[in-house]
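A short write-up of the structure that comes next.
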Amino acid sequence: MKNFILLLTLILSVNCCSQNKIISISPLVNQENDFNQSIINTLEQFLKTKDPKFWLQSDFQKYSSPYYEILEIEAGTQGKDFYKPSLMEIISTDDPDKKIVKIAFIGHNAENKSNLIKAIYNVVANKVGNQIFFSKYLDFVTKDWKIIQAKNIKYYISPSKLANTVEIEKQRNEVEMLSAFFELKPFPIFYYSAISPKETFELKGFDYHPMMYIDKAGGFAEGKDIIISGNNSEYYTHEVVHLYTTRLFPDINYFLDEGIATYFGGSGKFNYDWQKEKLRKFISENPDFKFDEHLDVYERLYFEEETPIPYVAAALICERTIRLYGKEKLFEAFRSRKEILEVLETIGLTKGNINQELRKELNIN
């Protein structure tokens, strides 16, 4: 920790004296090294433009948007360019043509003379001929992880844990069920099994991100075929569902997307039936609750710290639609580009009846 604080202090001191530079560079970086200088020049151009020409094209085939995490990372409440990129380190690897590039995004508040750090992010710099191309940190950091193949699911297991073969079999069976439901042939799934949300952020390239310490469980669906799980588990059907909806319904409304994922995979550590009972209890205890006012899945509205109310309400809507109209009607709603209230009207829910209909679905009078 002392070394980390010292490093940030050095970067900030250079930043204050180097206002004309696109990025500030720590004194710990050897700028006399030709490879390092090429990295610095390319990094300056990339951070200015976020142009994909500075990135390995193979990453776009695998990740769709390999550096989406930092596309707007400079923005903050103090302005769109408040957080300035600072080069912390360039670290050699076992491959002479690859180095780890560590970037901090730091803002300076002139009013109270304070410095704020938003994130520390790692990318891999690859020397290809005389050019430098960046690539995502995930492949590099997991190159020595244990691999287990379970039919179409390829697991990468964190060195900090042991693989759970029971969960692997359960996940394989549920993937087959999802393929049947969505009428889609099985496709390759790459499942990175980490022990915590903190480790998932590290896989995505972050040494520091404010969200990596918020939740005790969670993960991400990346692109069309990657799951990054921080649940210390080889079973994560909620995120697997997102791989199907991404492929089949690219315009799906976020509310319904989280709804169908919760319907099949629950939320957090608990399945949908458990969450549905918690929703029933919540509505019984809060009779004036209005579903139509809580259709934003990004609203952090939890019951008993375990049940995300909008997620479970969305799952309830998916269940009701399948029961009353069949899955094809639900798929039609998934394809709609309309606002969520307009989409819900196509499956029999309006602002005037949604509260009554969902209470009826929960068997609440």
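The values are calculated or read from the model by the stated rules, or taken from the named source; none is laboratory data. Because the structure is a prediction, the values reported are computed rather than measured. Note that we place each Cβ from the backbone using ideal geometry, even for glycine, and neighbour counts take in every protein chain shown. Areas reflect the complete protein model, heavy atoms only, side chains present, ligands, DNA and RNA absent. Shrake-Rupley method; radii C 1.70, N 1.55, O 1.52, S 1.80 Å.
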Checklist entry - Just checking, which of Ile157, Ile189 is farther than 20 Å from Leu248 by Cα and crowded, with 17+ Cβ neighbours inside 10 Å? => result Ile157
Checklist entry - For segment 32-61, how many residues are open to solvent by less than 20 Å² (accessible area, probe 1.4 Å) and among the charged types (D, E, K, R)? => result 1
Item to check | Matching helices (runs of 4 or more DSSP H) fully within segment 297-365 where at least 1 residues are in contact with a strand residue (DSSP E or B) (Cβ under 8 Å, 6 or more places away or on another chain) | outcome: 309-325
Item to check | Of all residues in segment 46-79 being in contact with an Asp or Glu (Cβ under 7 Å, 6 or more places away or on another chain) and assigned to a loop (DSSP other than H, G, I, E, B), the one that is farthest from Glu202 (Cα to Cα) | outcome: Glu74
Checklist entry - Out of all the residues in segment 320-331, is one or more of a type in the set (Phe, Trp, Tyr) and more than 30 Å from the chain's Cα centre (by Cα)? => result yes
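Touching a Leu at 6+ places or on another chain (Cβ under 8 Å), touching a residue at least 12 places away in the same chain (Cβ under 8 Å), part of a helix (DSSP H, G or I) and surrounded by fewer than 17 Cβ atoms within 10 Å (Cβ to Cβ): is that true of Leu279 in this structure?
No, not satisfied.
Here is a yes/no grid of residues against (1) modelled with pLDDT of 95 or more; (2) closer than 18 Å to Pro310 by Cβ:
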| position | (1), (2) |
| --- | --- |
| Leu324 | yes, no |
| Lys327 | yes, no |
| Phe331 | yes, no |
| Phe334 | yes, yes |
| Val343 | yes, yes |
| Ile347 | yes, yes |
| Asn355 | yes, yes |
| Arg359 | yes, yes |
| Asn365 | no, no |
Item to check | Boolean, Thr77 is under 30 Å from Leu243 (Cα atoms), without any contact (Cβ under 8 Å) to a residue 60 or more places away in the chain and open to solvent by 30 Å² or more (accessible area, probe 1.4 Å) | outcome: no
Item to check | One residue from Leu248, Leu279, Leu295 being out of contact with any Asp or Glu (no Cβ under 8 Å at 6 or more places or on another chain), under 19 Å from Asn365 (Cβ atoms), at pLDDT 95 or above and of a type in the set (A, V, I, L, M) | outcome: Leu279
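Residues are listed down the side, and each one gets a yes or a no for (1) more than 25 Å from the chain's Cα centre (by Cα); (2) surrounded by 15 or more Cβ atoms within 10 Å (Cβ to Cβ):
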residue: Asn253; (1), (2): no, yes
residue: Pro287; (1), (2): yes, no
residue: Glu293; (1), (2): yes, no
residue: Arg300; (1), (2): no, no
residue: Leu349; (1), (2): yes, yes
residue: Gly352; (1), (2): yes, no
residue: Arg359; (1), (2): yes, yes
Checklist entry - Residue check: is Asn130 closer than 29 Å to Val29 by Cβ, open to solvent by 60 Å² or more (accessible area, probe 1.4 Å), in contact with a His (Cβ under 8 Å, 6 or more places away or on another chain) and not aromatic (Phe, Trp, Tyr)? => result no
Item to check | Single condition Pro96 does not satisfy, out of (1) assigned to a loop (DSSP other than H, G, I, E, B); (2) modelled with pLDDT of 95 or more; (3) surrounded by 14 or more Cβ atoms within 10 Å (Cβ to Cβ) | outcome: (3)
Next on the checklist: Checking the structure you have, find out if any residue of segment 243-250 is closer than 26 Å to Val166 by Cα, free of Cβ contacts under 8 Å to residues at least 60 places away in the same chain and aliphatic (A, V, I, L, M).
Outcome noted: yes
Checklist outcome for this item: By my count, strands (runs of 3 or more DSSP E) wholly in segment 109-150 with at least 1 residues that are under 23 Å from Lys80 (Cβ atoms) and without any contact (Cβ under 8 Å) to a residue 24 or more places away in the chain are 114-128
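For segment 226-236, give me each residue that is within 16 Å of the chain's Cα centre (by Cα) and surrounded by fewer than 19 Cβ atoms within 10 Å (Cβ to Cβ).
Of all residues in segment 226-236, those within 16 Å of the chain's Cα centre (by Cα) come to 226-231, 236.
None; the set is empty.
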Checklist entry - If we keep just the residues of segment 192-206 that are out of contact with any Asp or Glu (no Cβ under 9 Å at 6 or more places or on another chain) and among the charged types (D, E, K, R), which is surrounded by the fewest Cβ atoms within 10 Å (Cβ to Cβ)? => result Lys198
